[in-house]
1. Just the number please: accessible area per residue for the protein assembly as shown, 1.4 Å probe, all protein chains included, in Å².
2. Which one, B:145, B:131, B:67, is farthest towards the positive end of the dipole of segment B:62-181 when Lys and Arg carry +1 and Asp and Glu -1 on their Cβ?
3. Please identify the GluC sites (Glu not before Pro) of segment B:22-99 that satisfy two criteria: DSSP loop assignment and at most 16 other Cβ atoms within 10 Å. Which are they?
4. Give the range of the longest stretch in chain A that excludes all GluC sites (Glu not before Pro) found in loop regions by DSSP and having at most 10 other beta-carbon atoms within 10 Å.
5. How shielded is B:136-143 by partner chains, expressed as the average number of their Cβ atoms within 10 Å of its Cβ atoms?
6. Amide H neighbours of residue B:84 under 5 Å, at least 5 residues apart or on other chains, H built in the peptide plane: list them.
7. Need one value: the accessible area of residue A:69 in square angstrom, 1.4 angstrom probe, rounded to the nearest 10.
8. What is the set of long-range amide H partners of residue A:8 at a cut-off below 5 Å, with H atoms built 1.01 Å from backbone N?
Amino acid sequence: MSTLQVEIVSAEHEIYSGEANWVIAPAVMGEVGIYPRHTPLITHLKPGEVRVSAVEEGEELLFFVSGGMLEVQPHQVTVLSDTAMRGADLDEAKAEEAKRRAEQALSDRKADFDEARALAELAEAAAQLRMIQKLRKTGRG
Amino acid sequence: MSGEKEIRTKIASIRNTQKITKAMEMVAASKMRRAQDRMAATRPYATKIREVIGHLAHANVEYRHPFLESREEVRGVGFIVVSTDRGLCGGLNVNLFKNVLRAMHEWRQQQVPVRLCLFGAKGTAFFKRIGGIEVVAQTSHLGDAPRLEEVIGQVKIMLDDYVEGRIDRVYLAENEFVNTMTQRPNIATLLPTPPAELETLEHYWDYLYEPGAREVLDGLLMRYIESLVYRGVMENIACEMAARMVAMKSASDNAGDLIDELQLIYNKARQASITQEISEIVGGAAAV
């Protein structure tokens, strides 16, 4: 019997790569089981577990995915796993958060990035001080 | 000649500084290696997703996604600028900002408004100081191993602006890691995604789509852009560590030179005072 080349990857790192007899994945429209020579399929995944019958390990492997995409070709299965919980509302909340931070960063005077400016001012003051000292010295000499 | 004790304390203080810069150099070196590994780990995902999008772009011709379509008229431009949180990394940030300013200037001359999306405290401080540019999103203090989650919000703002037509180009500005000694500021086009960059299809077939081609393509492209930005953030961290390592190495070397110089002055001062003492004793003895 032929086998499937399975790859499970996330944006942060590769999770699994190897040969398998079959794969079961939690697609959005219901769980799908994939055997070799499956018709090309591409679908969203919902949070759940991906089960892989690994040839090399000789056992069933379990991987948890918090969503993602599944791509199936006759002898290849690719799971693009999300590392983060996704959803329109959640993404929206994250976007709001980033926006809020921008506003805060631009209005807040006490925030820590003002440190850079304070340092620049300090350097300027120090330079002026050196200049004054130099002038005094030459004035005296 | 200045006092011996003064020179001695000066040498001691420089030696302490040198210890610190040496330690920072070593920390940066080990962090750089880890950052490089993490950067490499993002590659399989990006490659895979690009392959799939390449297949889709060919298989599904009737639906043209806005991310793949180049718009002639440019009404606004978005820049995603990745900078570091901390300094002491040479000219890494400044070089990048210079390039960004130049690119922004070109657009502004054509009366095209520019929107910024910033990663890192240095970028925030810099663009705040300059002023007059709309900053729509900001994230800082991501640490050495940022998670994809922290990139999503930022990218979504830019993508939404793009879809709704407020901006027609999105650029990603970050430092490219060439090698330990060289980091090159790089401004790449994120949107529209040039189709030439996508893998070409060797065989023709169409997928079954669940729930539909549109949703699938939407989800894929969003993840693709996110993974590109995430990779940029990771690459910039590797650059930061490499730049810091080099900066700290030269600082340690300079401290060493300074210590050598001061040591010489110290020895001379010491010798001079001894000689003086002897001549005084000899002079005194002769007088008696």
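The values are calculated or read from the model by the stated rules, or taken from the named source; none is laboratory data. Everything numeric in this text was worked out from a predicted model, so none of it was measured. Positions of Cβ are backbone-derived with ideal geometry, glycine not excepted, and every protein chain shown enters the neighbour counts. All accessible areas refer to the heavy atoms of the entire protein, side chains included, with ligands and DNA or RNA removed. Shrake-Rupley method; radii C 1.70, N 1.55, O 1.52, S 1.80 Å.
1. 52
2. B:131
3. On the way: sites: B:25, B:51, B:62, B:69, B:72, B:73; in loops: B:62, B:69, B:72, B:73.
The qualifying sites are B:62, B:69, B:72, B:73.
4. On the way: sites that count: A:56, A:59.
The answer is A:60-141.
5. Mean shielding count: 5.
6. Placed amide hydrogens put B:122, B:123 under 5 Å from residue B:84.
7. In the full protein context, residue A:69 sits at about 0 Å².
8. Under 5 Å from the amide H of residue A:8 lie the amide H atoms of A:15, A:16, A:17, A:79, each far enough along the sequence or on another chain.
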